[in-house]
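Read the structure below first, then the notes.
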C-alpha cells in the first residue's frame with residue numbers, strides 16, 4: 001500500500017492537557033509550566049535565547065507575548081534552507097514525506113504554542129483564557145473532524161481497493177475456470193475426433209472388404225459376357241450354314257440381349273446370373289438333344305435312301321420338335337469353319 005500523507009493542520013491550538021499523577025496538587029493545568037531554576041531561559045523572557053533549529057547557534061527571543069524565533073535571522077539562510085528542505089520532503093513519498101509532514105506539524109504546533117503563550121501573557125484574565133481555549137478546542141475539533149473525514153475517506157478508498165482486488169481475483173478465478181472448461185472441452189473434442197477417425201478407418205476397411213465380392217461379381221459378369229459373346233458368335237456361325245437356325249439365332253440373340261441387360265443389373269446379384277447360366281446350359285442341352293434328334297433323322301433318311309435303293313419301305317421320320325428349335329448337326333463338319341461351343 002502506498003504511503004499516505006497526513007493533511008497539515010492550520011493554526012492548531014492544543015487544548016490543555018488533562019492533569020496526571022505527576023502534577024502537583026493545586027497547579028493550574030491551563031497555565032504554562034514555570035521553572036525557577038537559575039540559568040534556565042523561560043519562553044517570553046526579554047533575555048531568553050533558543051538554539052537555532054538549523055545550525056544550532058543561540059537565537060535571541062523576543063519580549064514577553066511575541067512569538068518565538070526558531071531559526072537564525074542574521075542572513076545565514078537557515079530559514080530558507082529549512083523551507084526548501086521541508087518543501088522537498090513534503091513532495092517525497094514514503095517515510096521521508098511522513099517525517100517532513102511531522103516536522104511541518106511540529107513547526108505549526110510550535111507556532112501555535114508561541115501564539116498561545118503570547119496570548120496568555122497578554123490576556124491573563126479567566127474570560128480571555130476560556131475564550132481562547134474554546135476557540136482552540138473548536139479549531140482542534142474541526143481539524144479532528146477533517147482528519148477523521150480524511151481517515152474515513154482513506155478507509156473507504158482502501159475498502160474500494162480491496163473490493164476491486166477481490167473482484168479482480170474473482171474474475172481471474174472465473175477466467176481460470178473458463179480456461180479449464182475450455183481445455184476440458186478441447187480434450188473432449190480431440191477424443192471425439194479420434195473416435196471419428198477410428199470409425200472412418202473402420203468404414204474404409206469395411207468398404208474395401210465389401211469391394212472384394214463386388215470385384216469377384218464383376219469378374220463373373222465379365223466371364224458371363226464373354227460366354228454370351230461366344231454364344232452369339234456360335235449362333236451367327238450356325239445362321240450362315242442353315243436357314244432354319246435363323247429363328248434359333250434370333251431367339252438366342254434376344255435371350256442374350258436379355259441376359260446382357262440382366263448382367264448390368266446382376267452386378268449385385270450373382271445368383272441370378274448363375275441361374276441364367278443354368279438356363280443357358282439347359283437350352284444348350286436342349287440344342288444338343290435337338291442335334292441328336294436331327295442326327296437320328298439324318299440317319300433315318302440315310303436308311304430310307306438305302307432302302308429305296310434296295311426296294312424296301314421308308315422308315316418313319318421323327319417330326320420337328322414343338323419348341324421351334326431346328327436340329328443342328330453336332331458331329332458333322334464345322335459350319336463356316338467354326339464349331340459350336342456345345343458340340344462334342
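Rule-based calculations on the coordinates, nothing more; no lab input. Just so it is clear, the structure is predicted and the values come from calculations on it, not from any experiment. Cβ atoms come from the backbone with ideal geometry, glycine included; neighbour counts cover every protein chain shown.
Structural remarks
- Inter-label distance for residue 281 and residue 173, nm, one decimal - labels placed 7 Å from Cα along Cα-to-Cβ: 8.4 nm
- FRET E, pair residue 297, residue 216, Förster distance 45 Å, beta-carbon r, rounded to 0.05: 0.50
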